[in-house]
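A quick write-up on the structure given underneath.
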Amino acid sequence: MAGIKRIRNKGLDDPFIVDDHTFERFSQVNDVFSRSMWDDRVRDDRSDTFFATYRRPLTKWRKANGFTQRDYAIRNASWHVADIFAEMFEAHDRRDGFLDPLSMLRDGASEQVDVGPPDQASRELKQVSEVFGADLIGITEFDERWIYTERYSAADKAAKPNELPDGLTHVVVIGQEMNDSLIKTAPSALSGTATGLGYSMDSAVLLGMAQYIRNLGYQAIASMNDTALAIPLAMQAGLGEYGRHGLVISPELGPRFRIGKIFTDMPLASDTPIEFGVEAFCNQCDRCADKCPAKAIPHGEPDWQPVNISSIKGVKKWSVDGEKCFSYWSKINSDCAVCVRVCPYTRDYGKARNRAWRWLAGTRFRGLAMKIHDATGGSDRLKSNDWWTG
């Protein structure tokens with residue numbers, strides 16, 4: 001994080017501008033993936049086929065570069081660990097990690113360990129997160145605004161209660177890196193491997209960390225896409241800033257990571273939101289909006305207008321059209337990730353020249369940073385066949 005300016009954003013650790021008069025908490029029933037199971041405006045034969053290509057034995061593929069049997073084979077293999085947890089309790093109307101919290105946890109200790117002052121407890125927890133393989137970690141206060149008002153029941157195709165225990169005070173937010181070379185092949189079934197592996201790694205890290213917290217005698221609920229909106233919590237935890245494409249952009253990985261979270265009552269010190277020039281950069285940059293195959297990403301500045309019922313109300317931000325986005329995913333039978341590939345912040349920050357670029361992008365010379373990105377082919381697509389040949 002060297003060279004990244006940390007500030008208390010907008011005075012109240014609130015990365016978003018929220019209108020208390022029009023704000024409404026979000027129901028998971030209206031998430032576009034949930035809607036693809038019950039809403040005829042989203043669900044069709046293509047969306048059913050889309051999910052089937054992940055969860056049933058492979059029977060169909062194409063000769064197109066990036067969509068061959070070989071590409072689908074590695075993509076589906078990357079999802080295997082996450083799918084095991086997701087499918088284990090489906091008979092009980094659970095889909096762990098996607099509609100419900102991860103539940104493969106043992107009971108914790110009956111007595112709580114004195115973890116010391118909150119800043120010490122946070123430092124030790126972050127040290128443990130490195131052991132378990134977390135690539136990013138931040139901590140924020142529990143914020144009910146981002147908790148789903150209800151979960152979605154795949155069995156009943158309706159709402160079900162979103163129950164959390166009393167006394168939760170903090171959310172530990174982790175980020176898992178998505179493979180850069182795979183992302184460069186987007187859109188392709190091959191690039192979907194980066195997504196699946198991110199979720200599978202996320203499952204293992206979240207379960208290990210949650211069990212550690214439980215073993216200390218505290219509550220820990222491990223969560224991926226379920227229970228709460230991950231993006232505002234990640235921003236409050238200092239993982240990054242919000243981008244035009246609706247993703248969190250971190251200083252270390254750009255938008256190239258998956259988010260997981262653990263709700264706990266462990267006494268921890270919170271991190272603060274960070275600012276390193278992303279909003280100003282995105283206000284000038286339209287690369288993701290221009291290149292989005294579905295035309296789902298907005299041009300212009302952030303506004304208050306929700307696109308459809310899959311958008312949260314009362315928050316000023318760039319709102320991606322989830323209906324258009326998912327429709328394209330269904331069309332190609334894989335997740336897309338073109339917006340991640342073309343984002344100028346998608347680069348390897350282990351290299352000094354990319355850290356220099358990040359600094360330049362956060363200054364008034366951000367226009368020059370965009371020209372450098374374009375001139376060096378930063379958004380170019382890697383052919384899947386070229387990935388396979390190394």
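Laboratory data are not the source of any read-out in this text; all were calculated from the coordinates shown. Computed from a prediction, not measured in an experiment: that's the story for all the values here. Here the Cβ positions follow ideal geometry from the backbone for every residue, glycine too, while neighbour counts run over all protein chains shown.
Points to keep in mind about this one:
- Shown for the chain are the DSSP H helices of 30 Å or more along their axis, judged by Cα atoms, with a mean Kyte-Doolittle hydropathy of at least -1.0: 192-215.
- Projected-area average for the chain over all orientations - Cα convex hull basis, square nanometres: 19.0 nm²
- Gyration tensor (alpha-carbon) shape descriptor, segment 277-390, a/c threshold 1.5: oblate
- Expressed in units of 2.2 N^0.38 Å, where N is the residue count, the Cα radius of gyration of segment 331-390 is 1.33.
- For segment 169-216: span of alpha carbons on each principal axis (Å, largest first): 43, 17, 12
- The alpha-carbon of LYS317 sits under 16 angstrom from the alpha-carbons of these lysines, leaving out residues fewer than 8 places away in its chain: LYS10.
- Debye-sum result for segment 1-143 in log10 I(q)/I(0), which assumes one identical scatterer on each alpha carbon, at q = 0.17, 0.20 Å⁻¹: -1.25, -1.31
- GluC sites (Glu not before Pro) restricted to segment 70-176 and DSSP loop, no more than 10 other C-beta within 10 Å: GLU111, GLU163
- Candidate cross-link partners of LYS331 among the aspartates and glutamates, defined by an alpha-carbon separation under 18 Å and a same-chain spacing of 8 or more, comprise ASP39, ASP40, ASP44, ASP45, ASP48, ASP71, ASP321, GLU323.
- Among GLN112, GLN176, GLN219, the largest mean-square fluctuation in a Gaussian network model of the chain, built with springs joining Cα atoms closer than 10 Å, belongs to GLN112.
- A helix-only calculation puts the chain at -10000 deg cm²/dmol for mean residue ellipticity at 222 nm, using -39500 (n - 2.57) for each DSSP H run of at least four residues, averaged over all residues.
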